[in-house]
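Worksheet: the structure to be examined is printed underneath.
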Amino acid sequence: MSTIKFNAGKVQYDEDTKRCTPLPHKGTITIKPSADEESFFDFIWTPKSSSGLEKDELLIIPGDISFKQVVSCKTGRVFALTFLSSGAKYLYWLQDVGDDEQLNKLTEKDQQIVKKIQDIITLDDDEDMEQESELPSETETVKQEQQFTLPILDLDDAFPFEVLQQFIDELSEEEFAKFIEDNSNDLPETIKSNPTKQGFNDLMRSGFFQQSKANLSNHLKRNNGSGFLLAQLFKLNYQGEGIGNFLQALRKSNHEKK
Amino acid sequence: MSSGWNTIDSDAGLFTRLIEKLGVKNIQFEDLYSIDSESIAQLSPVYGVIFLFKYSKIDRQIAKNGNAPITGEYDLSYQENDIFFGNQTIQNACGTQAVINILLNQEIDLGEELSNFKSFVGGFDGEMIGETISNSDLIRSVHNSFSTPNLIVDEDPNPPPEDSDDKNDGLFHFIGYIHKNGFIYELDGLKNYPIKHDECKDMDDFITKIPQVLMKRIAKYGNELRFSCLVITNDKLNQAKDLGDEEMKYQELNKRKIWDKEIELRQHDYTNLFVNMIKGISSKLDDQQWEALLDKARERTKAKFK
């Protein structure tokens, strides 16, 4: 993902009067992949040095953010960055040359920027919504916030030890024996020769199993095409990068088999 | 996340089995849980100590700027001083190389293969010895028989950020400490020469002084806490048998059972197995239950970043 950069000024929001006041200072918004956390983004608004205003430095978690035009503002192109989890809102107005007559009309360049931002903040499996949010309409505000889903950033969050253990526990003796047989290439000799649920639980508790788990998570999280390679490796129908999409692909492959 | 540490829990067992396979007699590795003379003395005889740490930014910077020792000083005449030293030429074998550096400085029964190796490289300098180690079929095949296969090989063309090794995914480095010729020596395959520390007259003196040497080193890393130490000692099972100590014999046998189990676990990659388990779980759930499981996962992810 490349960096998104465009000119924008800050809009001050007064809690008491509920009034928005655009500040005249020039500034730039930069959105780039976070250096600290893969798959997150840094959102930075930098004022021109002479303004005396402070930078906004925000961390964006895809799925937790909406970026929408404030349609009630007819005198300029104002956008609201909203954090869905906390409700915090940040307002900015676009400063690149706009339409002379209809002041709130988005230029082609604006629309491209908005599209790019939507691509970043939208989780890949919400493609329908992505198109909808490209051209905001007045009724959309409420609808959009419900449609966002949070990301899953660790396979362990979906499949912690307890979930795996329960799966093994609930297998009948027959099913368990078949499971061991189906996976015999990936199991140590002692478990193959004497398969017990207890022994299998010990394996899942071991650092080696957990490392394989963490390793897969880390590769899927990178969003650099490794999701595509992994989908191929496991013979899945590729659904997109990231853990959510990988799980969806696994789910789908199961259904097809049925 | 502690994924980097998990695999090295069993290093004492792994190294012991590894050198047994190389033919070395009557040597055992023991984890050292507390760096103090009393704990080390309990394990005596002590042939050396392996210090395992996160290779960090500090080490990288020093290596770039002349590679001077972090503590202690280089012994340029190590060859005359009869110090065996091989530079590290293969990244993945750093543990094995550190072990060889320590063992080949000892008056112990190295077995036929390593004795031959030692006489073959007699007179070579560190770099040549390092090369010879990396070219040794025996050492390589023994080393590889203990390693973990990797289903997913990382071919990410983007170099990791400069400080990536300070987080979770960095490299661990093994260095050895021994006493020889009246000094404590540090043998670090990534350094140019062996490094001389405090004077040291015998094994007892080594046991007394090595904790300070290690603590001085650790202090250089500030808040970094990912260290671990192994002591190289005699085969405790043999010792128990010789002493007729049944209790100790039982403990040592038990220890070996755990080692071998861990070594066996280590020899597989479990990614496939895990993916098959997810498939299995998915096949047991209807769409609503599956969504509920994902929702729970999202909540857990979210909670971590609050």
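Readers should treat all values here as calculations from the given coordinates under stated rules, not as data from a laboratory. Being a predicted model, the structure only gives us computed values, none of them experimental. Note that each Cβ is placed from the backbone with ideal geometry, even for glycine, and that neighbours are counted across all protein chains shown.
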So what is the relative contact order for chain A, in percent, with contacts set as C-alpha pairs under 8 Å and at least six apart?
13
Size of the dipole of the protein assembly as shown about the Cα centre, Lys and Arg at +1 and Asp and Glu at -1 on the beta carbon, nothing else charged, in debye to 20?
940
Given q = 0.08, 0.10, 0.15 Å⁻¹, what are the Debye log10 I(q)/I(0) values for chain B, with equal point scatterers placed on the Cα positions and solvent ignored?
-0.43, -0.64, -1.29
When N is the residue count of the protein assembly as shown, what does its C-alpha Rg come to as a fraction of 2.2 N^0.38 Å?
1.22
Calculate, axis by axis, the spread of Cα positions in region A:155-257 along the three principal axes, and write the results as whole Å, longest axis first.
41, 31, 23
Radius 12 Å from Cβ of A:MET204, net charge of other residues (Lys, Arg +1; Asp, Glu -1)
-1
Fraction of the pair-distance distribution of region A:1-123 above 18 Å, Cα-Cα pairs, percent
52
Relative contact order of chain B (C-alpha contacts under 8 Å, at least 6 apart) in percent is 32
Rounded to the nearest 10, the angle in degrees between the Cα long axis of helix A:207-221 and the longest principal axis of the Cα atoms of chain A comes to 30
Would you be so kind as to identify which of A:ASN183, A:GLN198, A:HIS219 lies farthest towards the positive end of the dipole of chain A, taking Lys and Arg as +1 and Asp and Glu as -1 on Cβ and the Cα centre as origin?
A:HIS219
Log10 I(q)/I(0) at q = 0.11, 0.12, 0.17, 0.21 Å⁻¹ for region B:13-146, from Debye over equal alpha-carbon scatterers, is -0.45, -0.54, -1.10, -1.49
Anything in chain B that counts as a DSSP H helix reaching 15 Å or more along its axis (C-alpha) with Kyte-Doolittle mean of at least -1.0? List them, would you?
B:11-22, B:203-219, B:271-284
Specify whether the C-alpha gyration tensor of region B:171-227 places it in the rounded, prolate or oblate class, a ≥ b ≥ c being the square roots of the eigenvalues: rounded for a/c under 1.5, otherwise prolate if a/b is larger than b/c and oblate if not.
oblate
Using helices alone, what [θ] at 222 nm do you get for chain B, with -39,500 (n - 2.57) per DSSP H run of 4 or more residues, divided over all residues and rounded to the nearest 500?
-14500 deg cm²/dmol
Compactness of chain A, expressed as Rg and Dmax over alpha-carbon positions, Å:
24.0, 80
List the pairs from A:LYS178/B:LYS279; A:LYS18/B:LYS302; A:LYS252/B:LYS279 whose alpha-carbon separation is above 21 Å, in the order I gave them.
A:LYS18/B:LYS302
Just add up the charged neighbours of B:TYR74: K/R +1, D/E -1, any other residue whose Cβ is under 11 Å from the Cβ of B:TYR74.
-2
Against the longest principal axis of chain A, how steep is helix A:243-257, in degrees 0 to 90 to the nearest 10, with axes from Cα atoms?
50
